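Engineer: Encoded as structure tokens, here's the structure I'll be asking about.
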Amino acid sequence: MTRAIYPGTFDPVTNGHVDIVERASKTVEHLTVAVVQVSTKRTLFSVDERINMFAEAVAHLPNVSVKEYSGLTVNFAREVGASVIVRGLRITSDFEYESEMALMNRRMAEDVETICLFSALEYQILSSSRVKEVAALGANVSALVPKNVWGPLVERLEISKS
């Protein structure tokens, strides 16, 4: 059986992320959700908060763990014994970005393969950035994030408005 990682910023984790993890976890022996410590994106939550929120959202999956990482994704994959990087594909623009990343990762580590899962139809336009944006404008996004994420998201957005 195979070990895999699912890397990302996950700021915050959405139901689309959880859907990818649930589906990927059925195809591998162990899946590590790899929460990037330092991102080029400005994050609303600390890496520890993102890890804790994701871990709670996937606690029902016994073969899934959540860890932080920094540096090259392929190096982290090797560190945890993973031979597969799982990525989710939403709209067509994701394909260009993900194919570039997969080709670069393959160039650096031929022993680590990238596998893309298509997002479920209801999550095709869902992103953490969009969730934060519309929530900050007052929209109720509780149906788009795990239950344990909704409260901290609203609280953090209220604090950032102050």
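Engineer: Taking Cα pairs under 8 Å and at least six residues apart, what relative contact order does the chain come out at, in percent?
Structural biologist: Relative contact order, the chain: 29 percent.
Engineer: Set Lys and Arg Cβ to +1 and Asp and Glu Cβ to -1, take the dipole of region 3-161 about its Cα centre, and tell me which of P62, I115, W150 lies farthest positive.
Structural biologist: So the residue we want is W150.
Engineer: Longest exposed-loop-site-free stretch of the chain, with trypsin sites (Lys or Arg not before Pro), DSSP loop and at most 15 other Cβ within 10 Å?
Structural biologist: Longest stretch, sites excluded: 43-162.
Engineer: Based on DSSP H runs of at least 4 residues, each adding -39500 (n - 2.57), what is the mean residue ellipticity at 222 nm of the chain after dividing by all its residues, to the nearest 500 deg cm²/dmol?
Structural biologist: About -13500 deg cm²/dmol.
Engineer: With a ≥ b ≥ c taken as the square roots of the eigenvalues of the C-alpha gyration tensor of region 1-46, please select rounded if a/c is under 1.5 and otherwise prolate if a/b is larger than b/c or oblate if it is not?
Structural biologist: oblate
Engineer: May I pose another question? Could you tell me which GluC sites (Glu not before Pro) in region 93-143 are loop residues by DSSP with no more than 11 other beta carbons within 10 angstrom of their beta carbon?
Structural biologist: E110
Engineer: Right, next: FRET efficiency for A120 and V154, Cβ-Cβ distance as r, R0 = 30 Å, nearest 0.05?
Structural biologist: 0.75
Engineer: Points 7 angstrom from Cα along the Cβ direction at K147 and A59: gap in nanometres?
Structural biologist: 1.1 nm
Engineer: Once a ≥ b ≥ c are taken as the square roots of the eigenvalues of the Cα gyration tensor of region 25-82, is the result rounded (a/c under 1.5), prolate (a/b larger than b/c) or oblate (a/b not larger than b/c)?
Structural biologist: Taking the square roots of the gyration eigenvalues as a ≥ b ≥ c, region 25-82 is oblate.
Engineer: Please report the antiparallel percentage of DSSP beta bridges with both residues in region 3-161, rounded to the nearest 5.
Structural biologist: Taking every DSSP beta bridge with both residues in region 3-161, the antiparallel ones total about 0 percent.
Engineer: Rounded, prolate or oblate: pick one for region 1-131, where a ≥ b ≥ c are the square roots of the eigenvalues of its C-alpha gyration tensor, a/c under 1.5 means rounded, and failing that, prolate if a/b is larger than b/c, else oblate.
Structural biologist: rounded
Engineer: Given springs between every Cα pair under 10 Å in a Gaussian network model of the chain, which of S93, S129, S65 has the largest fluctuation?
Structural biologist: Result for the chain, Cα springs under 10 Å: S93 fluctuates most.
Engineer: Still on this structure, please answer the following. In terms of modelled amide H atoms, which long-range or inter-chain residues lie less than 5 Å from the amide H of V66?
Structural biologist: V33
Engineer: If you don't mind, there's one more thing I want to ask. Can you tell which of I125, I115, I51 shows the greatest fluctuation in a Gaussian network model of the chain with Cα springs below 10 Å?
Structural biologist: I125
Engineer: About the Cα centre of region 3-161, how large is the charge dipole given +1 on each Lys and Arg Cβ and -1 on each Asp and Glu Cβ? Please answer in debye to the nearest 20.
Structural biologist: Dipole of region 3-161, to the nearest 20 debye: 140 debye.
Engineer: Under a crude label model (7 Å from the Cα following the beta-carbon direction), how far is S127 from D111 in nanometres?
Structural biologist: 3.4 nm
Read-outs throughout are calculated quantities, based only on the coordinates presented, and are distinct from any laboratory measurement. Note that the coordinates shown come from a computational prediction; the quantities given were computed from them, not determined experimentally. Neighbour counts run over all protein chains shown; Cβ positions are idealised from the backbone, glycine included.
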